[in-house]
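To start, the structure itself, in structure tokens.
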């Protein structure tokens, strides 16, 4: 099992980075959150001239036993169908990663389907979907640990290929139910504040989903103190692998681009295990899925975008990547008042 050790980025360069940002040819603070991101990435990489190398989007896919209880308007088969769509280049995440020159890696974490060998698909399958957490834990402790370990290994491979910035995405019919339960437990919030419409439930479907998840939470009766138990009980294999991938990427001083509701639920687990991970995370957007804003508020973080996305797949992270790149580029190439012979404020 990987031992994740995430340290607080050394702050000794902070004053020099702030000075460099403040002496660019602009009023103080005029580039807003781009300045915050530039400072953050400079500290992550421990340099005044950070570089974003081989940006890679990892999309983890897995199926969920809770779907058999009727929490989603879509059948479970859609998970595998969408993975095939990713592999054929037809999904939104394909469009946005290609547009922004990001590598896309799709990981079968636990889809209820046997895929043909494909060079664009990483086989990390733990099992053919989780169990129904309405009645029993979604996965065993051993399966959960294996998911973290395999994801860490996948991240290591990408790092050896030059990557130092990761986006995280997911696909899994039923995974908003897992994320809602993880949020409820780890944020100590009632399920009514955490559950949303997912892929498009009507009012009756939303009520049913909320009732089922409330029953599951009452059955397992977990506290916020044991994040790994919560992950094994309510998580999906794709969520567990995201946790492992995030922890490993941060432990290797990479920048993490956090997507929407499901991805942030995985980060909730990771942050309970290693709170310093938050210093490595850029929160790319606020999802339109009910509950995501409360997650971000719980973590006391501010997203770059709020454009009513609720697709998942890592789409928000891919769309925000150009802003992250802009933050690094202005730090590295924008003129200073001195170099441009521009007078500063009196």
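Only the coordinates and a few stated rules stand behind these numbers; no lab work does. Predicted model, so just to flag it, every value in this text is computed and none were measured. Please note: Cβ atoms are built from the backbone with ideal geometry, for glycine as well, and neighbour counts cover all protein chains shown.
Here are the numbers:
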quantity	calculated
C-alpha long axis of helix 237-251 to longest principal axis of the chain, angle in °	30 degrees
Residues listed by number, the range 49-76, amide nitrogen under 20 Å from residue 336 label point at 7 Å toward C-beta	49-51
Tilt relative to the chain, helix 141-160 - C-alpha long axis, 0 to 90 degrees, to 10	30 degrees
DSSP beta bridges in the chain [antiparallel fraction, %, rounded to 5]	5 percent
Mean-position separation - Cα centroids, the range 78-141 and the range 279-328, in angstrom	21 Å
Estimated translational D of the range 1-68 in µm²/s (Stokes, Kirkwood radius over Cα pairs; 25 °C; 0.890 mPa s)	161 µm²/s
The range 56-329 - Rg over Rh from alpha carbon coordinates, Kirkwood radius	0.93
Debye-sum result for the range 6-131 in log10 I(q)/I(0), which assumes one identical scatterer on each alpha carbon, at q = 0.10 Å⁻¹	-0.55
Relative contact order (%) - the chain, alpha-carbon pairs under 8 angstrom, separation at least six	25 percent
Convex hull volume per residue in cubic angstrom - Cα atoms of the range 112-206	157 Å³
As computed over the range 248-322, the Cα convex hull volume per residue (Å³)	82 Å³
Highest average packing first - 4-11, 17-24, Cβ atoms within 10 Å	17-24, 4-11
With Cα atoms, 0 to 90° folded angle of helix 203-220 axis to the chain main axis	80 degrees
